[in-house]
């Protein structure tokens with residue numbers, strides 16, 4: 001067993017720093033997708049618009065300003081090693097770090113009471129999901145989630161007889177309906193299977209690049225791969241373009257997570273990541 | 001070639017030169033308001049300041065860091081404000097809206113009827129748009145924090161005409 005004492009200041013400071021960074025700079029692979037899409041654009045209108053996005057990322061880094069003013073509600077996916085003995089209150093640890101990061105980073109406090117709309121003024125509580133992994137690490141994946149994209153989330157409970165073609169059609173129609181609202185070009189997350197809330201969680205993790213393949217068979221993986229390339233290809237043919245103003249660059253990436261489901265159903269969830277699909281990882 | 005618009009407008013006729021899809025650079029004074037401020041003004045039936053002939057920017061900026069002029073201040077999704085457009089244009093007599101995304105057909109009709117426009121700011125580009133802001137001050141509803149009404153002075157703010165004064169919509 002490895003004992004991790006959450007009272008250790010170094011751990012707290014590391015999590016604060018990672019949350020701050022998540023709003024200032026995209027992960028290299030995320031920015032590379034944006035930059036390579038920009039570089040490959042042939043349509044001048046699209047390229048001109050995509051140029052704003054590239055420039056915005058550079059300005060954010062230079063000026064230490066949040067990439068987007070919607071610094072989100074903070075989602076945190078925590079993976080706890082089975083050999084870890086945790087000392088302290090993990091939820092408090094995360095929420096305190098989130099509050100400090102949003103204050104020190106001069107980030108927008110966007111979290112309010114769902115009913116009175118009164119602002120909590122700390123951007124907490126964060127949305128926290130826990131799961132176990134092998135080993136003795138404690139991992140945090142922090143995802144500031146903006147609501148322009150979040151509001152486009154869609155769940156459909158398909159009949160079990162639906163084909164993968166039906167699912168792809170539904171996803172493309174969902175992307176088309178969302179149009180400019182989720183700030184395209186998009187990072188799409190798809191969750192297939194489980195129950196309703198499981199499908200949504202699978203989708204959200206997929207959107208953040210947390211793809212789970214441990215329990216997926218080779219046969220399932222090949223279906224997933226062909227769906228993924230079909231969605232990217234047809235999604236870009238929708239010609240939604242940067243900011244939805246028409247053109248090249250509608251879908252930057254798609255990730256799909258799958259999970260076994262019930263004989264009577266087939267839940268499918270789509271979550272939207274704007275072009276500014278933020279994620280940072282911390283391993284303690 | 002980007003066209004320039006200087007506020008205040010020398011009459012609404014100036015807007016006839018800007019057609020849906022045009023890229024423009026906007027300079028002058030604009031006012032921020034998003035969901036909470038719209039709801040409050042609508043329920044009160046009036047605005048806390050005179051918004052006649054003013055542009056409303058749908059944004060909730062991040063707090064201004066030390067040594068900066070303004071925080072990130074990109075547009076929020078405009079369609080959430082669609083139901084307030086008639087009130088904002090007819091009753092408060094604002095002349096323009098700045099936000100992101102498509103709007104209901106009602107908004108294009110209202111733009112035509114009240115000689116108003118809807119401009120689109122590049123979504124998610126809050127850091128880039130902060131570069132265009134030369135001054136920001138709180139003018140009303142401080143209790144709404146980022147959703148308060150702020151007066152912003154902007155210079156060469158990069159925008160796209162979403163709905164023009166003739167009711168043409170870039171998304172339709």
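Values for this structure:
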read-out: Chain lengthening between residue A:2 and residue A:120 when straightened (0.36 nm per residue, less Cα-Cα); value: 39.0 nm
read-out: Distance (nanometres) between label positions extended 7 Å along Cα→Cβ at residue A:13 and residue B:4; value: 4.9
read-out: Packing-based order for B:96-107, A:185-196, using average beta carbon neighbours within 10 Å, highest first; value: A:185-196, B:96-107
read-out: Full-stretch length increase - residue A:263, residue A:229 - with 0.36 nm per residue and alpha-carbon distance subtracted; value: 9.5 nm
read-out: Label-point separation, residue A:237 to residue B:44 (7 Å along Cα→Cβ), nm; value: 5.3
read-out: Modelled label reach - residue B:155, point 7 Å along Cα→Cβ, region B:27-68 residues with backbone N closer than 11 Å; value: B:28
read-out: Residue A:132 versus residue B:90: modelled label distance in nm, points set 7 Å from Cα along the beta carbon direction; value: 6.2
read-out: Highest-first arrangement of A:91-100, B:119-128, where packing means the average Cβ count within 10 Å; value: B:119-128, A:91-100
read-out: Cα radius of gyration and Dmax for region B:95-172 (Å); value: 14.0, 38
read-out: Average partner coverage of A:179-187, which counts Cβ from other chains inside 10 Å; value: 4
read-out: For region A:80-163: rounded, prolate or oblate by the Cα gyration tensor [a/c cutoff 1.5]; value: oblate
read-out: Quotient of Cα Rg and 2.2 N^0.38 Å for region B:22-163, N being how many residues it contains; value: 0.96
read-out: Exercise: per-residue mean of other protein chain Cβ atoms within 10 Å, B:100-108; value: 2
read-out: Region A:148-277 - convex hull of the alpha-carbon atoms, volume per residue in Å³; value: 85
read-out: Per-q log10 I(q)/I(0), the protein assembly as shown, q = 0.06, 0.09, 0.12 Å⁻¹ (Debye; single scatterer per alpha-carbon; no solvent); value: -0.27, -0.60, -1.04
read-out: Förster radius 51 Å - calculated FRET efficiency between residue A:214 and residue B:69 (Cβ-Cβ, nearest 0.05); value: 0.55
read-out: Burial ranking of peptide ranges B:16-27, A:67-78 (average Cβ count within 10 Å, highest at the top); value: A:67-78, B:16-27
read-out: Helix-only mean residue ellipticity at 222 nm for the protein assembly as shown, each DSSP H run of n ≥ 4 adding -39500 (n - 2.57), per residue, nearest 500; value: -9500 deg cm²/dmol
read-out: Average other protein chain Cβ within 10 Å of Cβ, residues A:230-243; value: 1
read-out: Whole-angstrom gap from region A:181-252 to region A:92-154, using each part's C-alpha centre; value: 23
read-out: Two-site FRET efficiency, residue B:134 against residue A:29, from Cβ-Cβ distance with R₀ of 41 Å, rounded to 0.05; value: 0.70
read-out: Normalised alpha carbon radius of gyration of region A:204-284 [divisor 2.2 N^0.38 Å]; value: 1.27
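Since every read-out is calculated from the coordinates, none of them should be taken as a lab result. Since the model is a prediction, treat every value here as computed from it, not as a measurement. Heads up, the Cβs are rebuilt from the backbone with ideal geometry, glycines too, and the neighbour counts pull from every protein chain shown.
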